[in-house]
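Undergrad: Let me begin by handing over the structure; questions about it come next.
The values are calculated or read from the model by the stated rules, or taken from the named source; none is laboratory data. In this text the structure is predicted, and so the values were computed from the model without any measurement. Neighbour counts are summed over all protein chains in view; Cβ atoms, including those assigned to glycine, are modelled from backbone coordinates with ideal geometry.
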Amino acid sequence: MRLTITEDDEASPPETARYELKRLELIGIARHAAPVAFVIGSHVDRSSVDRTRALTAFEQHALESLRLGHDTVADTTGAGRVVVGAIRATGECVSCHASATSGDLLGAFSYDLERLP
């Protein structure tokens with residue numbers, strides 16, 4: 001997947017950058033004692049075996065920001081960008097997540113975007 005992002009920095013004119021999605025993982029906060037990232041080898045991995053990893057320091061910090069109400073947290077890396085985005089409960093979600101109310105943080109997506117030349 002490729003996307004184009006306009007980066008706007010007040011000190012310089014907007015720059016159009018192209019990125020490729022390199023990694024996408026779900027951060028689960030409900031089923032484990034501590035939040036974990038679910039690692040899937042590919043979009044066709046249907047083994048139904050839970051493979052998890054501990055969160056990085058950036059993901060832990062981002063999760064705290066999401067709990068405070070932010071929707072996304074991003075950082076620039078040498079290769080591109082790392083982003084964590086909130087998954088929040090809506091009216092539909094609370095039918096399965098009985099203890100959640102609309103707007104509650106249910107999890108997050110963590111992904112790496114590699115900047116293309």
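Undergrad: Which numbered condition in (1) modelled with pLDDT of 90 or more; (2) loosely packed, with under 13 Cβ neighbours inside 10 Å; (3) in contact with a helix residue (DSSP H, G or I) (Cβ under 9 Å, 6 or more places away or on another chain) is the only one that residue 102 fails?
TA: (1)
Undergrad: So which residues in segment 68-85 are touching a Lys or Arg at 6+ places or on another chain (Cβ under 9 Å), assigned to a strand (DSSP E or B) and of a type in the set (Gly, Ala, Ser), if there are any at all?
TA: Across segment 68-85, the qualifying residues are 74, 80.
Undergrad: Okay, moving on. So, in segment 50-65, how many residues would count as being over 10 Å from residue 110 (Cβ atoms) and part of a helix (DSSP H, G or I)?
TA: Total meeting the criteria: 5.
Undergrad: Quick one: in segment 105-117, of everything that is touching a residue at least 12 places away in the same chain (Cβ under 8 Å) and either of a type in the set (A, V, I, L, M, F, W, C) or outside any strand (DSSP E or B) (or both), which residue is surrounded by the fewest Cβ atoms within 10 Å (Cβ to Cβ)?
TA: Ranking the candidates gives 116 first.
Undergrad: Using beta carbons and a limit of 9 Å, which pairs, at least six apart or on different chains, have the first residue in segment 57-83 and in contact (Cβ under 8 Å) with a residue 24 or more places away in the chain and the second one part of a helix (DSSP H, G or I)?
TA: 82/58; 82/59; 82/62; 83/62
Undergrad: What are the residues in segment 10-45 that are modelled with pLDDT under 85 and in a strand (DSSP E or B), if any?
TA: Within segment 10-45, 12, 13, 14, 15, 16, 17 qualify.
Undergrad: Evaluate the following for residue 91: is it closer than 15 Å to residue 21 by Cα and at pLDDT below 85?
TA: Judged against the criteria, residue 91 is not a match.
Undergrad: When the residues of segment 14-38 are filtered to those that are closer than 14 Å to residue 56 by Cα and small (Gly, Ala, Ser), which remaining residue is surrounded by the most Cβ atoms within 10 Å (Cβ to Cβ)?
TA: 37
Undergrad: Hey, among the residues in segment 46-58 that are at pLDDT 90 or above and more than 24 Å from residue 116 (Cβ to Cβ), which one's surrounded by the most Cβ atoms within 10 Å (Cβ to Cβ)?
TA: 55
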